[in-house]
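As structure tokens, the structure follows; a few thoughts come after it.
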Amino acid sequence: MSDAAGNAAPDPYRVGAVAYRASVVTIWEAFRRWFGERGFPLEYVLFATYEEQVRALRAGWIDVAWNTNLAYVATLQATAGGCRPIAMRDTDLGWTSHVIVPDQSPAAGQGLAGLRGRRVGFGDSDSPQAWILPAHAMRRAGFDPLVDFRAERLDRDLGKHGDTGGAEFEQLERLRSGLLDACVVSDPTWTAVREAGADQGLAIAWTSPPFNHCNFTVLDESRADHATFVRLLFSMSEDDPQIREPMRLEYVHRWVEPELSGYRDLIAAMGA
């Protein structure tokens, strides 16, 4: 394509994102317009699963992938360390996962020891926050959920890495109905439950060590267009009415530099 003066127009910067809910289109349509108005043509490419997105990044079909922590670690492993995060949300820092029990349960004050032999619900098998990381932390604490507990995993949205939260909310309903003795949810899910006033009769029995969640992953961080993308990304503000609602839908208050130490436990869990 060429502009009015006959000069070749720059290729758009291609961002990969997984369509785990309808609002993803709303978010990236707004972001695309916002970046374009600042002289940075951007297009988004949607994928059904993070596995497809990882393959697309490695093949060069997209320039940057908006990855879960699991997709980032999968890319890290597949490229022998040849990828880099370039940005993340402020809300991606310091996630935890909780074991939730009825507040009258004996397990409420006993931590993991109180879960021995009990029915404990986990999320999707590819959910870092509702299975991989809490199970890894439990094993490091001396409890194997597949041996010491009656673990009941719920594979509801495989390929989405727990992004939908569907399995977590469903396990909470099973807990309330007495089908489970405990269940694992991420702190964002638990916060949403508490803000909705739906935490009555429930308590936290155990909390995992903190970990980080999503990031924008690239293969060659030295490219100039990556730097421009990050510079503009960091200039986004909730005070801008044009971008305020898309930022809220993306659960971001501000974009920040990647913090790599928060991925160590997931790298160890995947290596194991």
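Rule-based calculations on the coordinates, nothing more; no lab input. Computed from a predicted model, the values in this text were never measured in an experiment. Positions of Cβ are backbone-derived with ideal geometry, glycine not excepted, and every protein chain shown enters the neighbour counts.
What's the extension gain from T207 to R58 if we count 0.36 nm per residue and subtract their Cα-Cα distance?
50.1 nm
At a Förster distance of 30 Å, what's the computed FRET efficiency of R21 paired with A113, Cβ-Cβ distance as r, to 0.05?
0.20
Using r as the Cβ-Cβ distance of A224 and T164, and R0 as 22 Å, what FRET efficiency do you calculate, to the nearest 0.05?
Calculated transfer efficiency: 0.05.
With a/c under 1.5 counting as rounded, go ahead and sort segment 48-168 into rounded, prolate or oblate using the C-alpha gyration tensor (a ≥ b ≥ c being the square roots of the eigenvalues; past the cut-off, prolate if a/b is larger than b/c, else oblate).
It comes out prolate by the Cα gyration axes.
Of all chymotrypsin sites (Phe, Trp or Tyr not before Pro) in segment 34-92, which ones are in loop regions per DSSP and have a Cβ with at most 15 other Cβ atoms within 10 Å?
Within segment 34-92, the qualifying chymotrypsin sites (Phe, Trp or Tyr not before Pro) (loop, at most 15 other Cβ atoms within 10 Å) are W61.
As a test, work out the antiparallel percent of DSSP beta bridges whose residues both lie in the chain, rounded to the nearest 5.
60 percent
Run through segment 189-266 and list the GluC sites (Glu not before Pro) located in a DSSP loop whose Cβ has at most 14 other Cβ atoms within 10 Å.
E221, E238, E259
When Lys and Arg each count +1 and Asp and Glu each count -1, what net charge do the other residues less than 14 Å away from R176, Cβ to Cβ, add up to?
-4
Run the dipole for the chain about the Cα centre, Lys and Arg Cβ at +1, Asp and Glu Cβ at -1, nothing else charged, and hand back the magnitude in debye, nearest 20.
Taking the Cα centre of the chain as origin, the dipole is about 560 debye.
Relative to the present Cα-Cα distance, how much length would full extension add between D11 and Y251 at 0.36 nm per residue of separation?
83.5 nm
Could you list S208, S97, S222, S235 so that the one with the fewest beta carbons within 10 Å of its beta carbon is first and the one with the most is last?
Fewest-to-most Cβ neighbours within 10 Å comes out as S222, S235, S208, S97.
Just add up the charged neighbours of V101: K/R +1, D/E -1, any other residue whose Cβ is under 10 Å from the Cβ of V101.
-1
So, R0 is 45 Å and r is the distance between the beta-carbons of R244 and D144; what FRET efficiency does that work out to, to 0.05?
E(calc), rounded to 0.05, equals 0.50.
Could you work out how far apart the two model spin labels at A196 and S177 are, taking each label as a point 7 Å from the Cα in the direction of the beta carbon, and quote it in nm?
The answer from the label model is 1.5 nm.
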